[in-house]
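The values are calculated or read from the model by the stated rules, or taken from the named source; none is laboratory data. Everything numeric here is computed off the predicted structure, so don't read it as measured data. Quick reminder, even Gly has a Cβ in these numbers, built from the backbone with ideal geometry, and neighbours come from all protein chains shown. Ligands, DNA and RNA are excluded from the accessible area calculation, which covers all protein heavy atoms including side chains. Shrake-Rupley method; radii C 1.70, N 1.55, O 1.52, S 1.80 Å.
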Amino acid sequence: MRNPKPSLPFGDPTKPHLLVLGSGWASMSLLNQIDTRHWNVTVVSPRNYFLFTPLLPSCTVGTLELRSIMCPIRFITGHKKRSVKFVEADVVDIDPQSRHITVKSRQESLELIDKATDASLPYDYLVVGVGAQNATFGIPGVGEHANFLKEIWHAKRIREKVMDCFETASFPGLHPNEVDRLLHFIVVGGGPTGIEYAAELRDFVEEDLVKWFPDVAKRVKITLIEAAPNVLASFDSSLQLYTEKHFQRENIVVRTSTAVREVKEREVIVLEKSKRVVEETHAIPYGILVWATGNGPRPLTSKLAQKLPHELQNQKRGLVVDDHLRVKGTDRIFAIGDCAATPYAATAQVATQQGGYLGRLLSKYGKEVENVVGCGKSVRDACEEVDRNSQEKGFAYTHRGSLAYIGTDRAIADLPGNARLAGFATFLFWRSFYLSSLFTLRNKSLVMFDWTKKILFGRDIARE
Ligand code: FAD
Ligand code: NAI
């Protein structure tokens, strides 16, 4: 690869440069907390918006519109006391020795410009908040045929495909077996993503599609495949059981102790772990398959880990960090959110707390660096001195509970102090909690509007 074009650092030369990679939960929480007056802050992300993931499953069926849960990053950075620069690009490399990152323009930008597609940016402090990608475990066919549910374009694609399947299944003269295949929706992974997606899909079918596709909607089958003996491993067993029973009542077939071994274009191969000695393999035809089997590290995360001593960076999940969220084996690189290998679950709750902690920590560092620079030292020497003498408290996580939507206006809540709730009242709590957690009044208004629109007119079934 040719050497990337070095970019001149922007901003005030008496302040340290902070690069924040990613515009997700962890980075946004950091940006909300940090006092930017002491820093030259640059955010680099291929997405110029923050995505409110807890409501993403609702976008796959049109309960919510995509833009209702997106918040442009400039709405957030624009409110800071000192300006924050945003670069829309993929970070493809981090060089901890020279303290530079390499960024690459997004594909869309390449169509508008024909040079300067990559650049190098220097940093004094670096925060890696690039999240995770969908784990496929190297299972054949997943990348080619399955649909993921992590990004906005995933939800858009699923919504289009659901309508594709319904319209195609209604085509006259189609063989009944083909109709059944097209209307068989498979969800792989019984974690919260798979459960919430299956729940939204079932709502869509029962509340809207039955009305618009009376001939074919009754042939719809939703199957959730889970390798473990129960769904929702991170929830209490009483809530696992409640959810499984609720799904059964709502005609969502839950196949536990069943692992997917291969995904083909129109069928999925599963291995059923039965009590019998011989395990059985089955082929199940499907119309759409949604893959939600958890997280794996992004290429950038693995690439950085490989540059560091193996005895310090030996976790498949992501970057190993110390108590202060510093990446082990580096100077002044921090990792927060899903890309960090910590004892906590990969949730927005953890990412937000880590981002908030680091935002406060860096606000203090920035102030101290400014004082040392005021005494005549260079920014680089000041950063080293502040880092060396830091005696700040480490990060401590406070678990505030887990919530999940399970369909038919029901939700489950696993709260601290062994409080387990389920049902309609919990659904209202789930809704109000996430509504109040949305970052901006604009998003809150859009989400409320979408919910009202759905009650009054149902979900939109037009194809774009
Ligand atoms: P993300 O929010 O994923 O952000 C990563 C950012 O990095 C993105 O902006 C991305 O564009 C950017 N990026 C990626 N690659 C690069 C690169 N090479 N260079 C620069 N930037 C890059 N958690 C909960 O606590 N409660 C919930 O109800 C909940 N619901 C969820 C529902 C769904 C459907 C999903 C998928 C997840 C849900 N989660 C929930 C989990 C939660 O979304 C994640 O834990 C959280 O997003 C992690 O935050 P993050 O900042 O680490 O990563
Ligand atoms: P997950 O890791 O929570 O669950 C994945 C499931 O897939 C596991 O139960 C696993 O046994 C199963 N699985 C793995 N391989 C399989 C195979 N080959 N065949 C069949 N099943 C297989 O992943 P999920 O749901 O994607 O969530 C990712 C993270 O996001 C988690 O930390 C989760 O807690 C968080 N999240 C939280 C939500 C909430 O709190 N409401 C909502 C969505 C995600």
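Tabulated data for the structure shown
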read-out	value
Residue that is least open to solvent (accessible area, probe 1.4 Å) [pool: residues in segment 390-401 that are of a type in the set (S, T, N, Q) and in contact (Cβ under 8 Å) with a residue 24 or more places away in the chain]	Ser390
Selection count where residues are more than 16 Å from ligand 2 (Cβ to nearest atom) and in a strand (DSSP E or B), scope segment 31-64	8
Qualifying residue in segment 76-83 (condition: under 23 Å from the mean Cα position of the chain (by Cα), surrounded by fewer than 22 Cβ atoms within 10 Å (Cβ to Cβ) and of a type outside the set (S, T, N, Q))	yes
Unique match (being among the charged types (D, E, K, R), over 27 Å from Arg67 (Cα atoms) and within 16 Å of ligand 1 (Cβ to nearest atom)) among Asp387, Asp414, Asp381	Asp414
Subset tally (residues that are among the hydrophobic types (A, V, I, L, M, F, W, C) and open to solvent by 50 Å² or more (accessible area, probe 1.4 Å)) for segment 266-305	3
Candidates Thr281, Thr301 - the one that is in a helix (DSSP H, G or I) and either in contact (Cβ under 8 Å) with a residue 60 or more places away in the chain or not hydrophobic (A, V, I, L, M, F, W, C) (or both)	Thr301
Verdict on Pro229 being open to solvent by 10 Å² or more (accessible area, probe 1.4 Å), within 15 Å of ligand 2 (Cβ to nearest atom) and out of contact with any Gly (no Cβ under 7 Å at 6 or more places or on another chain)	yes
Wholly enclosed strands (runs of 3 or more DSSP E) of segment 402-445 bearing at least 1 residues open to solvent by 10 Å² or more (accessible area, probe 1.4 Å) and in contact with a His (Cβ under 9 Å, 6 or more places away or on another chain)	410-415, 419-423
Residue check, Thr408 within 16 Å of ligand 1 (Cβ to nearest atom) and of a type in the set (S, T, N, Q)	no
Residue list for segment 43-55, filter: over 16 Å from Val128 (Cα atoms) and either within 9 Å of the chain's Cα centre (by Cα) or surrounded by fewer than 22 Cβ atoms within 10 Å (Cβ to Cβ) (or both)	Asn48, Tyr49, Leu51, Phe52, Thr53, Pro54
Matching residues in segment 163-192 - criterion: being away from ligand 2 (no atom under 16 Å from the Cβ), of a type in the set (Gly, Ala, Ser) and either under 30 Å from Ser237 (Cβ atoms) or open to solvent by less than 10 Å² (accessible area, probe 1.4 Å) (or both)	Ala169
Some residue of segment 74-85 being touching a Lys or Arg at 6+ places or on another chain (Cβ under 8 Å), without any contact (Cβ under 8 Å) to a residue 60 or more places away in the chain and within 9 Å of ligand 1 (Cβ to nearest atom)	no
Lys245, sole failed condition from (1) open to solvent by 60 Å² or more (accessible area, probe 1.4 Å); (2) assigned to a loop (DSSP other than H, G, I, E, B)	(2)
Scope segment 84-108; condition open to solvent by less than 30 Å² (accessible area, probe 1.4 Å) and either at pLDDT below 90 or not aromatic (Phe, Trp, Tyr) (or both); matching residues	Val84, Ala89, Val91, Ile94, Pro96, Arg99, Ile101, Thr102, Val103, Ser105
Subset of segment 17-47 (residues that are under 20 Å from Glu370 (Cα atoms) and in contact with a helix residue (DSSP H, G or I) (Cβ under 7 Å, 6 or more places away or on another chain))	Leu18, Val20, Leu30, Leu31, Gln33, Ile34, Asp35, His38, Trp39
Residue match in segment 380-389 (condition: open to solvent by 50 Å² or more (accessible area, probe 1.4 Å) and modelled with pLDDT of 95 or more)	no
Total residues in segment 328-372, condition open to solvent by 30 Å² or more (accessible area, probe 1.4 Å), away from ligand 2 (no atom under 16 Å from the Cβ) and part of a helix (DSSP H, G or I)	6
Residue identified as in contact with a helix residue (DSSP H, G or I) (Cβ under 7 Å, 6 or more places away or on another chain), at pLDDT 95 or above and not small (Gly, Ala, Ser) among Ile225, Ile186, Ile195	Ile195
Residue within segment 306-327 that is open to solvent by 20 Å² or more (accessible area, probe 1.4 Å), away from ligand 2 (no atom under 16 Å from the Cβ) and assigned to a helix (DSSP H, G or I) present	yes
Residue match in segment 212-219 (condition: assigned to a loop (DSSP other than H, G, I, E, B), of a type in the set (A, V, I, L, M), touching a strand residue (DSSP E or B) at 6+ places or on another chain (Cβ under 6 Å) and farther than 19 Å from Ala404 by Cα)	no
Selection count where residues are hydrophobic (A, V, I, L, M, F, W, C) and open to solvent by 10 Å² or more (accessible area, probe 1.4 Å), scope segment 193-214	3
